[in-house]
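Asker: Got a structure here, written out as structure tokens. Questions coming.
The values are calculated or read from the model by the stated rules, or taken from the named source; none is laboratory data. Because the structure is a prediction, the values reported are computed rather than measured. Don't worry about glycine lacking a Cβ; one is built from the backbone with ideal geometry, like all the others, and counts go over all protein chains shown.
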């Protein structure tokens with residue numbers, strides 16, 4: 001059974017394992033002790049963070065980071081490649097978008113790389129559109145935002 005569960009600290013090891021696997025699946029390097037250090041303290045670095053499970057196995061994640069009182073960022077939308085193409089990434093993103101609306105955010109931003117064609121297509125279907133660079137992520141080459 002597929003279910004979305006709010007992150008709890010006892011999920012940390014599994015979260016790092018899944019994130020590393022997802023990064024490797026898309027040809028990227030996960031650097032939890034470097035530029036991805038925000039994963040070491042999910043509660044401090046995210047307004048909210050969810051994990052997607054298939055039974056007892058973590059298969060996906062998504063989080064919301066506060067940029068300002070009105071702006072937030074969609075972060076860490078990852079899904080094990082074995083589960084892609086089934087609407088589960090959309091389900092995670094929609095949960096985050098709905099939560100952001102409920103919290104009073106009016107704009108949601110995200111960044112990604114142009115080689116993530118499926119992700120970019122999903123973001124566009126959700127209502128995101130390209131915008132100017134809004135952060136200092138030198139690895140991203142696509143920046144998007146959505147009015148909430």
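Asker: Check residue 29 against each of (1) exposed (fewer than 13 other Cβ atoms within 10 Å of the Cβ); (2) more than 24 Å from residue 140 (Cα to Cα) and name the one condition it does not meet.
Answerer: (2)
Asker: Here is a follow-up. Kindly indicate whether residue 114 is at pLDDT below 95, touching a helix residue (DSSP H, G or I) at 6+ places or on another chain (Cβ under 8 Å) and surrounded by fewer than 17 Cβ atoms within 10 Å (Cβ to Cβ).
Answerer: The answer is yes for residue 114.
Asker: Which condition does residue 119 not pass, out of (1) under 18 Å from residue 141 (Cα atoms); (2) out of contact with any strand residue (DSSP E or B) (no Cβ under 7 Å at 6 or more places or on another chain), if it passes all the others?
Answerer: Residue 119 satisfies every listed condition except (2).
Asker: From the set of residues in the stretch 86-102 that are out of contact with any strand residue (DSSP E or B) (no Cβ under 8 Å at 6 or more places or on another chain) and in contact (Cβ under 8 Å) with a residue 12 or more places away in the chain, which is farthest from residue 64 (Cα to Cα)?
Answerer: Among residues in the stretch 86-102 that are out of contact with any strand residue (DSSP E or B) (no Cβ under 8 Å at 6 or more places or on another chain) and in contact (Cβ under 8 Å) with a residue 12 or more places away in the chain, the one farthest from residue 64 (Cα to Cα) is 90.
Asker: Return the residue satisfying two criteria in turn: it lies in the stretch 39-81 and is within 16 Å of residue 3 (Cα to Cα) and without any contact (Cβ under 8 Å) to a residue 24 or more places away in the chain, and of such residues it is surrounded by the fewest Cβ atoms within 10 Å (Cβ to Cβ).
Answerer: 56
Asker: Those residues that are surrounded by 17 or more Cβ atoms within 10 Å (Cβ to Cβ) and more than 19 Å from residue 99 (Cα to Cα), I need them from the stretch 1-19; list them, please.
Answerer: 11, 15, 18, 19
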